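Written below as structure tokens is the structure these notes are about.
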Amino acid sequence: MQTGKIGVTSENLFPIIKKFLYSDHDIFLREIISNAVDATQKLKTLASKGEYNGDITDLKVQVKLDKEAKTITVSDNGIGMTAEEIEKYINQIAFSGANEFLEKYKNDANAIIGHFGLGFYSSFMVSEKVEIVTKSHKEDAKAVKWSCDGTPEYHIEEIEKEKVGTDIVMHINNDSEEFLDESRTAEILEKYCKFLPVPVLFGKKKEWKDGNQVDTDEDNQVNDTDPTWTKMPADLKEEDYKSFYRRLYPMADEPLFNIHLNVDYPFNLTGILYFPKIKNNFEVQKNKIQLYCNQVFVTDSVEGIVPEFLTLLHGVIDSPDIPLNVSRSYLQSDSNVKKISSHISKKVADRLAEIFKDTRDEFEKKWDDLKIFIEYGMLSDEKFYDRAMKFFLFKNAEDKYFTFEEYEKLIKDSQTDKDKNLIHLYTTHKEEQYTFVEEARSKGYDVLVLDDVLAPHLISRFEQKHSDKQFVRVDSDVVENLIKKEDSTKEELSWEQKQELSPIFQAVCPQNNTHTFIVDFQDMGEQASPMVITRSEFMRRMKDMSAAQGGM
Ligand code: ADP
Ligand code: MG
């Protein structure tokens, strides 16, 4: 039996672990299990290099609860550790500048854990004592047992252990007894471990017998070791993607599209992103993307990692290259993360362009649901805007879809303003602006429907980006002129007449109401012809803008 002291600076460590790592206690299980998974993967690697000749056909991790003894034990048949390795990897928590660091990050548990490989030590958040019982895969290695009760002192002794591998025995402290509850542990395993690459066993499979759920003899495996995103796209069918979506979000509607990411240069990243069906209030659905690191769940809060507009998507991203355990502000400033973010944006745009090209009918059918994502992306990401020009669709009043380029061909030659800008006529409300839409259409002009919440912003962006194009709502004065060019029978009111009529219109159309209306001149004893009043596009936009800002 040998006794020693852990690390040099670890006097500071245990209080920090206990005190500051309070927020996410349940990650101890993720850390201990992912170490066990790593250990089995390492053994596999050694075997593939011919450096280990033992059996590797049944690599697995087992989680056991013992309520009486108040322990959680995580066992693996992985690589194991020698006494020297325990000394090196567990006892020497070698990091420099620890005090300074701990001071800086004392409120950020994840930063500490990730930065300095405190993975194993996170077990002390929930344990009054932790034991490592391990036997190395190395020939003639002696099995050892290490134990530590949360003071910097540890004990290590030789023991008997038949099989290669490691058991981590956590003696759960009084404050953490919730973790001895089977359903709580099952819940944590489902959250962090459901896609780990090695079978993780917990409890027995259940079956129904006489109306009760009873244990069978069969071990219950909690994870799917080959989740869909790790497979090659060529080996997958539409249904595979859909069933994976259901596995992730059992309650959600079927998604619109999926995008299978598979990047190996300049960084590694795989994943599947889904465009969900948007319900009325899309705010609610943000941040559904799950982030994994080698199939270990890390977080479902991906802001700062994927481009802002893609936080509306669902799915999974897995990358060993994203520094996952560090703080959010660190992530957002990390240049690697920025590169990853812009690359994801590019991949998504490329894939959409491909889907549009290959299956335009399908794409058009889904466009009304899809467009809010695209518009948001175009407004928030310059590069995405340029890429989206290939597949962004305009819908006209007859529900036909056009790309930007296609639509331009539909615009009449005469459809220009005095500065020779091409006029894109649009309506924000087909029913309310019906008369104007019909008027324009009867004259052979096509009218676009731009009716969603982002449309006004998108219109300004279009005009900024394409200085020879103007967007003009069907009820504005420019259209009057366009139409009049061909239909000169209409007379314009003189300035005096307009002045005279103005109070009447003000009365019918108080401030914030619709800007357009039709007056029947019969009442006025004039010719019985309806007359259309318009307001200039510019004035209307100004007014809409200040209305949106709560003015007027
Ligand atoms: P990290 O996993 O980031 O290296 P940890 O604190 O989680 O940091 O683990 C420290 C080290 O302890 C590991 O790198 C590994 O060498 C060793 N270790 C931990 N758990 C096991 C295990 N179950 N089997 C073998 N080695 C382990
Ligand atoms: Mg670890």
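The values are calculated or read from the model by the stated rules, or taken from the named source; none is laboratory data. Given the structure is predicted, the values throughout are model-derived calculations rather than measurements. Cβ sites come from the backbone with ideal geometry, for glycine too, and all protein chains shown count toward neighbours.
Among the residues of the stretch 76-85, is any within 16 Å of ligand 2 (Cβ to nearest atom), at pLDDT below 95 and either out of contact with any Gly (no Cβ under 9 Å at 6 or more places or on another chain) or closer than 13 Å to residue 167 by Cα (or both)? Give the steps one after another, and end with the answer.
Taking the stretch 76-85 first, the residues within 16 Å of ligand 2 (Cβ to nearest atom) are 76, 78-81, 85.
Next, from what is left, pick out any that are at pLDDT below 95: 85.
The next check asks that each one be either out of contact with any Gly (no Cβ under 9 Å at 6 or more places or on another chain) or closer than 13 Å to residue 167 by Cα (or both); those that pass are 85.
Scanning the stretch 76-85 turns up at least one residue that is within 16 Å of ligand 2 (Cβ to nearest atom), at pLDDT below 95 and either out of contact with any Gly (no Cβ under 9 Å at 6 or more places or on another chain) or closer than 13 Å to residue 167 by Cα (or both).
Here is a yes/no grid of residues against (1) modelled with pLDDT under 90; (2) more than 21 Å from the chain's Cα centre (by Cα):
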site: 217; (1), (2): no, yes
site: 223; (1), (2): no, yes
site: 234; (1), (2): no, yes
site: 253; (1), (2): yes, no
site: 258; (1), (2): no, no
site: 261; (1), (2): no, no
site: 267; (1), (2): yes, no
site: 273; (1), (2): no, no
Considering residues that are within 16 Å of residue 83 (Cα to Cα) and not aliphatic (A, V, I, L, M), the number found within the stretch 164-189 is 3
Search the stretch 116-141 for residues that are farther than 18 Å from residue 178 by Cβ and within 13 Å of ligand 2 (Cβ to nearest atom) and pair each with any residue that is part of a loop (DSSP other than H, G, I, E, B) and modelled with pLDDT under 95 when their beta-carbon atoms are under 8 Å apart and the residues are at least 6 apart or on different chains. 116/93; 116/95; 117/93; 118/93; 121/93
Under 7 Å between Cβ atoms, which residue pairs at least 6 apart in sequence (or on different chains) link something in the stretch 276-295 that is at pLDDT below 65 with a partner that is of a type in the set (Ser, Thr, Tyr)? none
Inter-residue pairs, beta-carbon under 8 Å, first crowded, with 18+ Cβ neighbours inside 10 Å and in the stretch 68-85, second part of a helix (DSSP H, G or I) and charged (D, E, K, R), 6+ apart: 70/177; 78/38; 78/42; 79/42
The one condition in (1) closer than 21 Å to residue 540 by Cβ; (2) surrounded by 14 or more Cβ atoms within 10 Å (Cβ to Cβ) that residue 407 fails to fulfil: (1)
Against the conditions (1) touching a Leu at 6+ places or on another chain (Cβ under 7 Å); (2) at pLDDT 95 or above; (3) within 11 Å of ligand 1 (Cβ to nearest atom), where does residue 114 fall short? Just the number, please. (2)
I'm trying to understand the selection: among the residues of the stretch 14-53, which are on the phi < 0 side of the Ramachandran plot, at pLDDT 90 or above and more than 15 Å from ligand 1 (Cβ to nearest atom)? 47, 48, 49, 51, 53
Can you pull out the residues in the stretch 417-453 that are among the β-branched types (Val, Ile, Thr) and either closer than 14 Å to residue 476 by Cα or surrounded by fewer than 17 Cβ atoms within 10 Å (Cβ to Cβ) (or both)? 423, 427, 428, 435, 437, 447, 453
Filtering the stretch 36-62 down to residues that are in contact with a strand residue (DSSP E or B) (Cβ under 8 Å, 6 or more places away or on another chain) and within 16 Å of ligand 2 (Cβ to nearest atom), which residue is nearest to residue 151 (Cα to Cα)? 36
Flag for residue 86 being near ligand 1 (Cβ under 9 Å from one of its atoms), under 23 Å from residue 222 (Cβ atoms) and not aromatic (Phe, Trp, Tyr): no
The correct count of residues that are at pLDDT below 90, under 17 Å from residue 393 (Cα atoms) and of a type in the set (A, V, I, L, M) in the stretch 456-481 is 0
